[in-house]
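The values are calculated or read from the model by the stated rules, or taken from the named source; none is laboratory data. Computed from a prediction, not measured in an experiment: that's the story for all the values here. Because the Cβ atoms are built from the backbone with ideal geometry, glycine has one as well, and the counts that use them run over all protein chains shown. In case anyone asks, the SASA skips ligands and DNA or RNA and just uses the protein heavy atoms, side chains included. Shrake-Rupley method; radii C 1.70, N 1.55, O 1.52, S 1.80 Å.
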Amino acid sequence: MRTAGDVTLALVIDRTDPRPLPRQLADELRTAIGSGLVIAGEPVPASRALAQRLGVSRGTVVAAYDQLLAEGYLLGRVGHGTVVNPALREVHPPSTSRGPAEQTAPTRARVVDLRPGQPWTADVVNAGWRAAWRRAAARPLAPLPVAGLPELRTEIADHLRRMRGVRRAADHVLVTAGARDGLGLLLAMLGTGRTVGVEDPGYPSLRRVPPRLGSSVMPLPTDDAGLVCDDLPTGSDAPHVVVVTPSHQYPLGGSLPVARRQALLDWARSEHVVIVEDDYDSELRYTSAPLPALAALDDPDDGCVVTLGTFAKTLGPGLGVGFLLAPDRLVDELRRTRSDLGQPVSQVAQWAMADYLASGELRRHTQRMRREYRRRRALVLQLLGDLPEARVKAMDGGLHAVLESEIPESELISRIRQGGVVVAGLADYWSRPSPGAGGIVLGYGGVPIDELRTGLEAIAEATRDPDGASIGTRPGTP
Ligand SMILES: Cc1ncc(COP(=O)(O)O)c(C=O)c1O
């Protein structure tokens with residue numbers, strides 16, 4: 001238990017002050033209790049130790065304590081020494097107590113949070129996970145190589161070979177804190193004033209990175225298969241970097257066909273563009289195996305594809321571990337940049353991930369999660385797959401679904417909210433006002449399955465016209 005004896009109280013005794021020393025000390029302690037520096041219920045420092053620290057006699061401290069005991073600030077307890085009176089709690093609640101908003105908030109019905117981005121994390125912590133962290137924590141702390149632990153980079157290279165059909169040396173891998181960190185590292189290396197092409201619609205969190213680092217964003221059109229690759233800007237209009245999600249277009253779900261992948265790479269080579277492949281969830285595929293990563297089609301030495309990987313979807317965003325895979329020509333400069341910025345992932349987390357990958361635990365966990373998400377995906381299709389006013393977009397993988405509807409988006413979201421469910425609006429994923437249909441994006445990974453069912457039923461209900469009449473069309477639609 002923490003005691004006031006552990007707190008080095010800044011008590012000031014001034015020998016030029018005309019007040020007697022016991023009185024000065026009592027005043028100082030009263031102020032410390034009043035300001036919450038010493039909390040109700042905590043034992044006060046032992047009189048001998050405090051006297052020694054302040055350079056006063058023990059009798060001075062005892063007299064000050066007696067005064068505060070008499071005033072009710074302190075309480076003497078047999079066997080517990082002297083404590084700050086617990087009854088003062090009501091007068092001076094400890095600073096760690098709940099904030100005013102929380103204290104006064106009325107009890108409300110539970111909201112089902114189906115906003116996307118959250119996987120099912122309750123099953124991550126098992127014996128294998130605990131063992132990996134225990135072993136990692138027992139290792140002596142040692143200097144961390146700038147690109148990350150060689151053992152983790154070797155495991156990531158192996159993971160990419162098995163899962164994504166990419167054969168690369170571990171030297172081409174850098175450990176990152178996730179996809180945004182990887183993009184930030186690349187842009188820090190390239191310098192300010194760059195233009196970064198992004199899919200429209202696309203992942204808003206990645207789109208926000210370039211402006212933070214002095215570069216601008218160029219929205220590029222997509223269709224049902226992903227990035228439209230036959231009319232990409234050339235010459236001085238070409239962006240320096242393009243961020244794509246070829247495996248599973250975010251958020252609409254298309255998979256970039258091989259011919260488009262080849263066209264994208266040909267264009268990038270001739271226009272000297274760096275392609276950033278955001279490979280965020282290809283392990284979570286339910287209908288067929290994903291196409292090999294774009295990096296598998298690229299030249300490992302002189303190529304143009306930088307792949308961003310993350311464990312945010314398979315394990316959880318709170319882990320903060322990911323990786324970047326780059327062609328040989330970019331590796332040295334990326335390492336120098338990382339050396340200047342520092343390696344953001346702790347040694348313990350890196351050893352734990354290396355162990356977790358090497359033992360096959362991540363593969364087993366991913367297989368279990370795939371089964372769980374397949375079940376949830378089936379539930380989404382069962383409850384939302386056949387609605388008169390809304391259509392679910394292709395759902396071959398991932399943890400979210402897009403429901404398009406002619407109901408104006410804000411109205412649909414507000415009806416869903418009234419049904420006790422929160423989701424994201426599709427409009428938020430566009431860089432500019434959406435030319436297509438409106439809709440919602442819902443995550444089906446983050447809540448227990450019975451809560452998901454309740455949420456999906458409420459969404460289905462919200463798409464039905466409350467008056468039984470034809471539902472209004474979106475503004476601007478005929
Ligand atoms: C499209 C997309 N890319 C990348 C990520 C992961 O980003 P980060 O690792 O920076 O959290 C996510 C996570 O939700 C995502 O949806």
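Run the numbers on the chain and let me know its relative contact order in percent, using alpha-carbon pairs under 8 Å that are six or more apart.
17
Taking square-rooted eigenvalues a ≥ b ≥ c of the alpha carbon gyration tensor, is the range 273-359 rounded, prolate or oblate, where a/c under 1.5 means rounded and, failing that, a/b exceeding b/c means prolate?
Cα axes put the range 273-359 in the oblate bin.
How would you order 303-314, 365-376, 185-196 from highest to lowest mean count of nearby Cβ atoms within 10 Å?
Ranking the peptides 303-314, 365-376, 185-196 by packing returns 303-314, 185-196, 365-376.
With every protein chain kept in place and ligands, DNA and RNA left out, what is the accessible area per residue of the range 23-81? Probe 1.4 Å, answer in Å².
Value returned for the range 23-81: 50 Å² of accessible area per residue.
For the range 163-314, just say rounded, prolate or oblate: build the C-alpha gyration tensor, square-root its eigenvalues into a ≥ b ≥ c, call rounded for a/c under 1.5, and beyond that prolate if a/b exceeds b/c, oblate if not.
Rounded.
Considering only protein heavy atoms, what per residue accessible area in square angstrom results for the range 305-390 with a 1.4 angstrom probe?
39
Note down the relative contact order for the range 339-407 as a percent, whole number, built from C-alpha pairs under 8 angstrom at least six residues apart.
17
Quick check: from the Cα gyration tensor, does the range 137-226 come out rounded (a/c under 1.5), prolate or oblate?
Since a/c reaches 1.5 but b/c is at least a/b, the shape of the range 137-226 is classed as oblate.
Sort L213, L325 by heavy-atom solvent-accessible area, probe 1.4 angstrom, most to least.
L213, L325
Measuring from centroid to centroid over Cα atoms, what is the spacing of the range 279-339 and the range 365-385 in Å?
Going from one Cα centre to the other spans 25 Å.
For the range 212-272 and the range 395-455, what is the separation of their C-alpha centers, rounded to whole Å?
Using only Cα atoms to place each centre, the spacing works out to 25 Å.
Enter the accessible area of V241 (Å², nearest 10), with the probe set to 1.4 Å and all protein chains included.
Estimated to the nearest 10 Å², V241 gives 0 Å².
May I ask you to give the percent of accessible area on the chain that is carbon plus sulfur, with a probe radius of 1.4 Å?
About 52 percent, which is the carbon plus sulfur part of the accessible surface.
Calculate the all-directions average of the projected area of the chain's alpha-carbon convex hull, and give it in nm².
31.8
Highest first, please rank the peptides 396-408, 15-27, 214-226, 148-160 by the mean number of other Cβ atoms sitting within 10 Å of their residues.
396-408, 148-160, 214-226, 15-27
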